[in-house]
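Please treat every number below as a calculation from the coordinates, not as lab data. In this text the structure is predicted, and so the values were computed from the model without any measurement. Methodologically, a virtual Cβ is constructed for each residue, glycine included, from the backbone with ideal geometry; neighbour enumeration extends over all protein chains shown.
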């Protein structure tokens with residue numbers, strides 16, 4: 001009978017250690033996942049900022065180059081296209097930022 005009690009106590013102790021290990025492992029995995037998600041949000045925001053800057057700079061350069069031609073109809077078309085590119089980019093990045101921030 002003493003051997004059976006000792007074995008039962010050993011099993012209970014082992015089960016408690018396994019449960020404790022599982023709790024610690026779960027907490028650590030949760031922490032790592034939260035850090036990864038936050039870093040992903042930061043990287044996504046940095047990408048969107050860079051994308052928006054590049055498109056706006058390209059549109060500005062396009063419009064400026066067309067302005068150098070001194071051809072009025074070409075300047076008008078280029079300005080319209082540049083404005084369209086800026087507006088679409090602002091809408092896209094705004095929607096993407098909203099999507100990234102809500103997750």
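Highest average first, the peptides 23-34, 69-80, 84-95 ordered by how many other beta carbon atoms sit within 10 Å of their residues are 84-95, 69-80, 23-34. Available extension along the chain between residue 80 and residue 58 is 6.5 nm, counting 0.36 nm per residue and deducting the alpha carbon span.
Rounded, prolate or oblate: which one fits the stretch 2-101, using the alpha carbon gyration tensor with axes a ≥ b ≥ c (rounded when a/c is under 1.5, else prolate when a/b beats b/c, else oblate)? Prolate is the answer for the stretch 2-101, as a/c is 1.5 or above and a/b outweighs b/c. Using R0 = 25 Å, the C-beta based FRET efficiency linking residue 37 and residue 95 works out to 0.80. The value of relative contact order for the chain, using C-alpha pairs under 8 Å at least six residues apart, is 29 percent. Label separation (residue 72 vs residue 16): 9.1 nm, computed from points 7 Å beyond Cα along the C-beta direction.
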